[in-house]
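The structure appears right after this line, and notes come after that.
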Amino acid sequence: MSDEAKEGLGWLHTAKFLTSASKISQLPQGDMPEIAFVGRSNAGKSSAINTLAQQRQLAFASKTPGRTQLINLFTLGAREAPDAFFADLPGYGYAAVARGKKLVWQKVMADYLEVRRALMGVVLMVDSRHGFTPLDLQLMDFIAQRVKTGEIKLLVLLTKADKLSKAEAKQAIAGASAVLADYTTDDSDIGVTLFSSLRRVGVEDVAEQMLAWKAAMPERVHFELPPMPQGEGGEAADEDFEEDDEA
């Protein structure tokens with residue numbers, strides 16, 4: 001393991017739950033750099049977050065997908081003076097969620113991804129077996145302009161890569177790269193890597209990338225921390241839409 005990967009994993013291991021929000025207005029204000037983890041329901045987002053943070057239950061997965069619809073915010077670095085926030089956005093695309101709720105959350109997701117000033121990076125989970133779905137592409141539309149200008153960095157994790165043969169893995173990378181070519185400019189910072197929480201494929205690569213993002217973060221001037229939650233769990237216990245497995 002490289003020194004950069006070790007340092008990156010050490011930084012990710014400092015992740016601590018901070019607060020949950022159902023509206024953008026409920027999130028902390030200021031210019032603390034923020035990294036968002038997003039992905040379709042059952043794309044393995046909770047597993048990926050827990051693996052990268054080396055914490056088994058940092059991101060909890062609901063066994064009833066769609067039950068809760070919260071943005072969950074975590075600190076990275078020292079809790080009293082963190083380096084960054086990372087936001088775990090609810091999984092999208094679960095069929096059992098009522099249409100009205102889907103529309104509300106589509107608006108919240110769009111607002112967050114399009115205008116959240118502190119957002120500097122997005123980690124998008126895409127199931128490597130299926131590639132970009134129409135919903136994944138819709139999410140890409142939300143961030144397209146900010147990615148193309150380099151305002152937001154993008155890392156696509158092709159999850160559940162342990163289920164692919166070598167040939168299939170090459171095809172998955174090629175297919176994702178072809179999609180991402182439409183968003184690539186001289187200013188953009190876009191990456192794609194195979195990932196498996198089960199086999200720890202890609203973990204070191206992601207850790208190195210997160211460390212590079214940390215190094216590129218602007219020096220913060222002002223930020224507000226909400227009151228610290230009681231205990232270590234807070235509202236995070238219900239935050240996710242997806243099954244917490246690699247099936």
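The values are calculated or read from the model by the stated rules, or taken from the named source; none is laboratory data. Note that the structure is predicted; figures quoted are calculated from it, not measured. Using ideal geometry, Cβ is built from the backbone for each residue, glycine included, and neighbour counts are taken over all protein chains shown.
I'm trying to understand the selection: among the residues of the stretch 1-54, which are acidic (D, E) and either touching a residue at least 60 places away in the same chain (Cβ under 8 Å) or not in a helix (DSSP H, G or I) (or both)?
Selection gives E4, E7, D31, E34.
Within the stretch 68-89, track down each residue that is outside any strand (DSSP E or B), within 17 Å of S22 (Cβ to Cβ) and at pLDDT 85 or above.
Scanning the stretch 68-89 gives a single hit, L89.
Can you tell me which residue is farthest from S128 (Cα to Cα) among those in the stretch 169-204 that are hydrophobic (A, V, I, L, M, F, W, C) and loosely packed, with under 13 Cβ neighbours inside 10 Å?
A181
Residue check: is T149 without any contact (Cβ under 8 Å) to a residue 60 or more places away in the chain and either surrounded by fewer than 16 Cβ atoms within 10 Å (Cβ to Cβ) or among the hydroxyl-bearing types (S, T, Y) (or both)?
Answer is yes for this residue.
Name the pairs whose Cβ atoms lie under 6 Å apart, with the first residue in the stretch 161-187 and over 20 Å from I143 (Cβ atoms) and among the charged types (D, E, K, R), the second assigned to a helix (DSSP H, G or I) and at pLDDT below 95, and 6 or more positions between them or separate chains?
Correct list of pairs: empty, since none qualify.
Considering only the stretch 91-133, how many residues are in a loop (DSSP other than H, G, I, E, B) and either exposed (fewer than 15 other Cβ atoms within 10 Å of the Cβ) or modelled with pLDDT of 85 or more (or both)?
Residues in the stretch 91-133 being in a loop (DSSP other than H, G, I, E, B) and either exposed (fewer than 15 other Cβ atoms within 10 Å of the Cβ) or modelled with pLDDT of 85 or more (or both): 12 in total.
Do you know which residues across the stretch 80-94 are in contact with a Ser or Thr (Cβ under 8 Å, 6 or more places away or on another chain) and farther than 15 Å from V122 by Cβ?
Passing the criteria: P82, G93, Y94.
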